[in-house]
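*Asks:* The structure is given below, and queries will be raised subsequently.
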Amino acid sequence: MSLSFKVDSLIVRLIQLAIGVAICFLLFRVAYSNFIVRVITDPRLEFTREALSVVATSEPNSPRILFRLAQAETAGEVITNFQGVESAIGHARRASELTFWDYRYKQLLAHLQELNGDPDAAEQSLRVAVKLAPNNSEVNWLYANLLIRLGRLDESLAPLKSASMMNERYYPQAYDLLWQASGQNLELLKTMAGDDATARLSLVQFMLDRSLASEALALFRGIDRQIKIDSGKGSSFIRSLIASGRIESARSLWLELLGSNAQAQSSSDSPANQVWNSGFEADSIRNFDHFDWTITPSEYARILICSRPKAPKSPSLARVECWRHQIRYPKEPMTGNWSPSNILLPMKPHPSI
């Protein structure tokens, strides 16, 4: 059994119409609000502080607009005169309360609090920001810098290490900050580097730049050989040693990286070893050609396989022919007083020979 009835009352129809109008108005209000927020927070557009204040009044619960307003209130000449900081702090705090999971609002709030002369409050805000974005190198870097300014060097090591591990360009800056803040305490820098090979390679370069060559060499030798070869910092360190005039130290490290065979060849008194790798039989390591042969194009030289008869079981010979003048060789005779300089170098025979 069902019950049905027809509504003819004018009051009921007016109520339905009012509900429909209200729903349409709410939908329009939401669409309008989203449009305003998108336009105002577009980083490509610039607005005055007054315009942002008017919009923030009509949209008091938009964290993105409050965030933009807080940035504008401490920009340009305003931040120089420390005006509007209190207002900006209020807007940034409100934005962080509305969107408590966004680290950027806490980061801005910490910046404004430190500007207002409250570093302890800034430290608390940045600590929250680090918890919200533990894998963000910039937030860790800012937090570590604030701790250093507060004199809490030991606490700054962890965020400094985190920021540098996520972005290696921070390593030289981190070491320089600690070096200056700690009164050139090298042990503190070694503590930050720890056992991480990348951090230690950056540290040895920093130490060499500070004329701590012996300490840098000792630390460099303690790093795994393969990591030094794979990392571009190992090659750069040797080049820095050469540039600073420490040729013997650079060559010693270079031989260690090449391996025991290279060290044995270098220490041998055999006439064949008077020229390094004279037979071109030792494999060179990529990017570690500091003291090895390098071949570059030249219009005055070419490398040939010598075709003259050789003794049985003797290596093939490579001949480097050098001209002072460009000549046609060998079909035309050489003219003038210039002649090629022939250097005979033993080589392993090619498999096809």
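The values are calculated or read from the model by the stated rules, or taken from the named source; none is laboratory data. Predicted, not measured: the structure shown is a model, and the values here were computed from it. Note that we place each Cβ from the backbone using ideal geometry, even for glycine, and neighbour counts take in every protein chain shown. Ligands, DNA and RNA are stripped out before the accessible areas are found, and what is left, the full protein with its side chains, is counted by its heavy atoms. Shrake-Rupley method; radii C 1.70, N 1.55, O 1.52, S 1.80 Å.
*Asks:* Multiplying the sequence separation of Asn287 and Leu27 by 0.36 nm and subtracting their Cα-Cα distance, what value in nm do you get?
*Replies:* Taking 0.36 nm per residue and subtracting the Cα distance, the gain is 87.2 nm.
*Asks:* Same structure again: Could you please state how large a percent of the accessible area of segment 107-228 is carbon and sulfur, counting protein chains only and using a 1.4 Å probe?
*Replies:* Roughly 46 percent, rounded to a whole number.
*Asks:* Can you give me the accessible area per residue for segment 79-142, using a 1.4 Å probe, in Å²?
*Replies:* Result: 52 Å² of accessible area for each residue.
*Asks:* 7 Å from Cα along Cα→Cβ at both Ser58 and Ile229: what's the point-to-point distance in nm?
*Replies:* 6.8 nm
*Asks:* Compare the peptides 199-207, 50-58 by average per-residue count of other Cβ atoms within 10 angstrom and give them in order, highest first.
*Replies:* Ranking the peptides 199-207, 50-58 by packing returns 199-207, 50-58.
*Asks:* What nm value, rounded to one decimal, do you get for the distance between Phe100 and Asp209 when each label is placed 7 Å out toward the C-beta?
*Replies:* 4.2 nm
*Asks:* Keeping all protein chains in place, calculate the accessible area per residue for segment 143-263 (probe 1.4 angstrom), answer in Å².
*Replies:* Counting only protein heavy atoms, the per-residue value for segment 143-263 is 46 Å².
*Asks:* P(r) of segment 131-241 in 10 Å steps, Cα pairs, percent per bin?
*Replies:* 14, 47, 30, 8, 0
*Asks:* Another question, then. Using a Förster distance of 41 Å, how high is the FRET efficiency between Glu50 and Lys131, based on the Cβ-Cβ distance and rounded to 0.05?
*Replies:* Efficiency for this residue pair is about 0.70.
*Asks:* Right, here's the next one. Once you have the Cα-Cα distance between Ala243 and Arg221, take 0.36 nm times their residue separation minus that, and quote the gain in nm to one decimal.
*Replies:* Extra length from Ala243 to Arg221 when fully extended: 6.0 nm.
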